[in-house]
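K.L.:
Encoded as structure tokens, here's the structure I'll be asking about.
Computed from the coordinates by the stated procedures, all read-outs in this text should not be read as laboratory data. Treat the numbers as computed from the prediction; the structure is a model and nothing was measured. Cβ placement follows ideal geometry from the backbone for every residue including glycine, while neighbour counts extend to all protein chains displayed.
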Amino acid sequence: MTALLSLFVVGVVVAAVTVRAVASRQTGRSAASSTRTSAGANGARSATGGGSSGGASGNGASRSGSSTHPGQTTSGSGAGSSSHGATTAPGAGTGPGARQTANTPVWRVAWGSAMAWAQPGVTIDNTTVRELATIPIGGSAVRVRISNLFGNAPLEIGQVTVGRSVGNANVAAGSIRTVRFSGATSAVVPVGGVLTSDPVRFAARHGETLAVSIYVIAPDLVTVHPYGNHGPVSFATYNGTPDETVQASGAPFVYWSVWPRLLDAVDVLTRLHAGSIVALGDSITDGFNATTSWTDVLQQRIDLLPRADRAAVINEGITANTLDPMSDNYSKTGGGPAGLTRLRQDVLSLPGVSTVIVLLGTNDLYFGATAAQVINGLSRLAAIAHRAGLRVIGVPLLPREGSQRWQPTLYPLHQPYLEQINHWIRTSHTFNAVLNFPQAVADVYNGQCNPNELFGPYNSGDFLHPNAAGQTAMANSIDTRLLGLAPAPRVAPLVAVQPTPGCRA
């Protein structure tokens with residue numbers, strides 16, 4: 001119990017300290033990357049009976065308006081080929097790049113969360129963890145993937161179940177199904193590894209939240225995704241308690257956290273033709289300092305399309321992430337594995353993906369990378385993803401004047417480097433298309449013209465991370481046709497803006 005208290009209760013303190021530390025580290029940097037070698041803090045919070053957490057927020061979707069928006073890119077050119085079809089999975093096909101035949105169900109990733117590290121010394125043992133995963137697409141079966149990427153021992157699992165969440169840690173009675181691994185109810189996930197379950201017959205509904213319960217029967221450090229979520233998504237029992245995976249009531253789950261643990265992907269067997277869209281990014285994609293993320297708002301827009309035209313948006317952002325690997329210590333306690341390191345794990349290994357959106361490099365500049373180094377990293381990443389058959393969408397780096405380490409007198413090369421990188425992203429034809437997020441959130445509205453800064457009403461306060469209004473503006477600026485989808489309606493903006501004539505970011 002003591003160790004789990006550290007994980008879920010003392011985690012309140014850890015969360016506060018960690019988020020403060022990350023905030024100060026990234027007031028001059030944004031984040032997005034991953035590898036398999038990391039361990040770090042668990043920003044958990046506690047509450048009895050499942051508790052609640054502030055910050056969960058969405059933006060009311062409106063069917064009015066079009067997909068055009070200041071800063072929107074309406075066409076793209078690109079290298080390589082893109083796969084608009086999904087992958088067929090075992091029994092129906094797996095992996096990016098495979099084509100879907102008419103009416104053949106395929107496996108597509110419907111939910112994911114990039115694991116970043118684990119907190120040294122904090123373990124779970126004879127504990128049931130219940131994870132929530134909201135899936136935007138439905139289907140006839142599901143699979144779950146369990147991660148032990150950053151554990152210090154094999155993750156010994158006694159049982160796993162999946163059911164329909166009915167709020168907090170409560171599960172709809174009668175919906176719980178046993179999950180098997182190669183036919184067995186128990187499994188072992190090796191250190192540094194992940195394990196995907198057998199298919200589970202389950203009528204998954206569009207937009208519902210699944211509860212995946214995992215009973216851990218031996219001590220192990222807990223692999224986590226730090227921050228990035230805006231409500232309780234992870235629940236746990238005391239250490240040293242019996243298996244509660246088939247328990248519908250949330251009462252035994254006395255701790256909760258806003259950080260996902262152990263569960264890093266959910267796949268759905270679906271007949272939808274549109275491939276899943278993965279966002280590989282840093283804290284800006286993760287939704288740091290905001291009550292929503294641009295991926296959440298993009299999903300809201302896509303959900304306004306006819307059901308047959310929809311796709312899942314998978315947020316694989318990690319706060320404080322970099323494009324290229326930093327020191328091993330940074331990977332274990334800061335931004336997790338770098339984008340190039342985790343590309344295979346967090347994008348290419350996911351089934352039924354057609355598109356990856358890349359927003360990385362800001363933190364690399366913070367740590368002293370040159371424009372040439374960031375360009376080289378983005379070029380390598382795009383080439384790998386193209387070879388895997390994916391459509392690769394580039395995103396220029398956001399304006400950040402006024403943030404930490406961005407003062408021209410102290411760091412005179414940062415702004416020129418950012419401009420060089422963005423010019424290359426926009427003109428090199430490395431990407432199939434480019435999303436002009438800088439134009440969407442720069443201070444180029446309502447008579448202002450300071451393109452190197454965030455627009456005031458979009459600034460979260462650190463001059464680097466957009467707030468909910470800025471995240472919404474970025475999502476609304478996307479022409480969904482560039483993602484292989486029909487034009488999606490925009491959601492209601494949170495701030496009214498009028499572009500300043502002649503001013504562009």
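K.L.:
Go through segment 392-400 residue by residue and turn each phi into a ³J(HN,Hα) via Karplus (6.51, -1.76, 1.60, θ = phi - 60°); whole Hz please, and just put x for glycine and proline.
P.N.:
Result, rounded to whole Hz: 10, 10, x, 10, x, 6, 6, x, 8.
K.L.:
Place the peptides 378-384, 170-176 in order of packing, highest mean first, counting for every residue the other Cβ atoms within 10 Å and averaging per peptide.
P.N.:
378-384, 170-176
K.L.:
Give the long-range amide H neighbours of residue 436: residues separated by 5 or more places, or on another chain, with amide H under 5 Å away, using H modelled in the peptide plane at 1.01 Å from N.
P.N.:
Sorted by chain and number, the residues that satisfy this are 73.
K.L.:
So, by mean Cβ neighbours within 10 angstrom, what's the order for 361-368, 246-253 with the highest one leading?
P.N.:
The densest-packed peptide leads the list: 361-368, 246-253.
K.L.:
Might you report the magnitude of the Cβ-based charge dipole of segment 97-211 about its Cα centre, with Lys and Arg at +1 and Asp and Glu at -1, to the nearest 20 debye?
P.N.:
Charge dipole of segment 97-211: 460 debye, to the nearest 20.
K.L.:
First measure r as the distance between the Cβ atoms of residue 104 and residue 304, then evaluate 1/(1 + (r/R0)^6) with R0 = 35 Å and state the FRET efficiency to the nearest 0.05.
P.N.:
The calculated FRET efficiency here is 0.85.
K.L.:
For segment 299-405, calculate the relative contact order in percent as a whole number, restricting contacts to Cα pairs under 8 Å that are 6 or more residues apart.
P.N.:
RCO, segment 299-405: 24 percent.
K.L.:
Can I ask one more? Ranked highest first by average number of other Cβ atoms within 10 Å, how do 298-310, 406-418 line up?
P.N.:
Going from most to least packed, we get 298-310, 406-418.
K.L.:
Checking a compactness column here: for segment 273-483, what do you get for Rg(Cα) / (2.2 N^0.38 Å), N being the number of residues?
P.N.:
The reported ratio for this selection is 0.97.
K.L.:
Quote the relative contact order of segment 273-483 in percent (integer), defining contacts as alpha-carbon pairs under 8 Å separated by 6+ residues.
P.N.:
Rounded, it is 23 percent for segment 273-483.
K.L.:
Whose amide H sits under 5 Å from the amide H of residue 159, counting only residues 5 or more places off or on another chain, with H placed in the peptide plane?
P.N.:
Amide H to amide H, under 5 Å and 5 or more residues apart or across chains, residue 159 pairs with 215.
K.L.:
Another question, if that's okay. Just to check I understand the Karplus step: with θ = phi - 60° and J = 6.51 cos²θ - 1.76 cosθ + 1.60, what whole-Hz values come out for segment 409-422, glycine and proline as x?
P.N.:
With coefficients 6.51, -1.76 and 1.60, one gets 6, 8, 10, x, 8, 4, 5, x, 4, 4, 5, 5, 4, 5 Hz.
K.L.:
In addition: Taking H as built 1.01 Å from N, whose amide H comes closer than 5 Å to the amide H of residue 170, not counting residues under 5 places away?
P.N.:
Placed amide hydrogens put 250 under 5 Å from residue 170.
K.L.:
Residue separation times 0.36 nm, minus the C-alpha to C-alpha distance between residue 383 and residue 134: what's the value?
P.N.:
86.5 nm
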